[in-house]
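To start, the structure itself, in C-alpha cells.
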C-alpha cells in the first residue's frame, strides 16, 4: 500500500518507521497542507495520514480539497484528542479513519487497511452509480428516438428499436448516437 504522511508532530517519525517496517511504501512526507495536496496529486497514494494542525492549510481543509478535487485517496486523520465538533467536520469531508495518541501498532495498521478498503469500495460504488445513470440517460434518449420513429414512420416500438440497433451496428456507433441523430433531424422537420 502506498501512503503519504502529512504532519509535523514528532509522532509521525514513529508512524513512518512503523509503516515502513510493516512493508508499506511511504511515498512522501509533508509539513504543511499545500505540500500534502501537491504530493497526493503527484504520487496518487492509496492513503494519506494527516494531522489537524498543519501549516498553511489545516488537516480538515486538506481533506476537503482532496475530496472536492476528486483525488482517489483515503484520508486517515491524526489528532492528539478528538472532540465531537471535529468528528462532525471530518465526516463532512469524507475522512475514512481516525487515529489518536497513543499510537498502537495494531490499531494503526487496522485503521489504514480499513480506510483503504472503505475508500476503494466507495469509489467502486460511485463508478457503478455513474454507469447506471449513464445507461438510464441513454435509455431515455433511445426511447425518445423510438417515439419519433413510431410517429413519423408508423413503426411499432420493436421495429423502431430494431432500426436504431441496425443503424448502430452498421455505422459502428452507439445506439444513443443514432438516437441523437434521429432526434436532431426531427427537430428540423
Original post:
Taking the stated definitions as given, is residue 89 without any contact (Cβ under 8 Å) to a residue 12 or more places away in the chain, within 30 Å of residue 61 (Cα to Cα) and part of a helix (DSSP H, G or I)?
Top reply: no
**OP:** Among the residues of the stretch 80-95, write down those that are surrounded by 15 or more Cβ atoms within 10 Å (Cβ to Cβ) and within 23 Å of residue 10 (Cα to Cα).
**Re:** 82, 86, 90, 95
**OP:** Can you give me the number of residues within the stretch 53-79 that are in contact with a strand residue (DSSP E or B) (Cβ under 7 Å, 6 or more places away or on another chain) and surrounded by fewer than 19 Cβ atoms within 10 Å (Cβ to Cβ)?
**Re:** 2
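A quick yes/no check of all residues on (1) in contact (Cβ under 8 Å) with a residue 24 or more places away in the chain; (2) loosely packed, with under 14 Cβ neighbours inside 10 Å; (3) closer than 30 Å to residue 75 by Cβ:
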{"position": "105", "(1), (2), (3)": "yes, yes, yes"}
{"position": "111", "(1), (2), (3)": "yes, no, yes"}
{"position": "116", "(1), (2), (3)": "yes, no, yes"}
{"position": "119", "(1), (2), (3)": "yes, no, yes"}
{"position": "131", "(1), (2), (3)": "no, yes, yes"}
{"position": "139", "(1), (2), (3)": "no, yes, no"}
{"position": "148", "(1), (2), (3)": "yes, no, no"}
{"position": "156", "(1), (2), (3)": "no, yes, no"}
{"position": "169", "(1), (2), (3)": "no, yes, no"}
Original post:
Within the stretch 131-145, can one find any residue that is assigned to a helix (DSSP H, G or I) and within 30 Å of residue 3 (Cα to Cα)?
Top reply: yes
Subject >> Single condition residue 25 does not satisfy, out of (1) surrounded by 14 or more Cβ atoms within 10 Å (Cβ to Cβ); (2) under 18 Å from residue 2 (Cβ atoms); (3) touching a strand residue (DSSP E or B) at 6+ places or on another chain (Cβ under 8 Å) >> reply: (1)
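Every number here is computed from the coordinates shown, using simple stated rules; none is lab data. What you see is a predicted model, and the numbers here were worked out from it, not measured in a lab. All Cβ positions, even for glycine, are placed from backbone atoms using ideal geometry, and neighbour counts span all protein chains on display.
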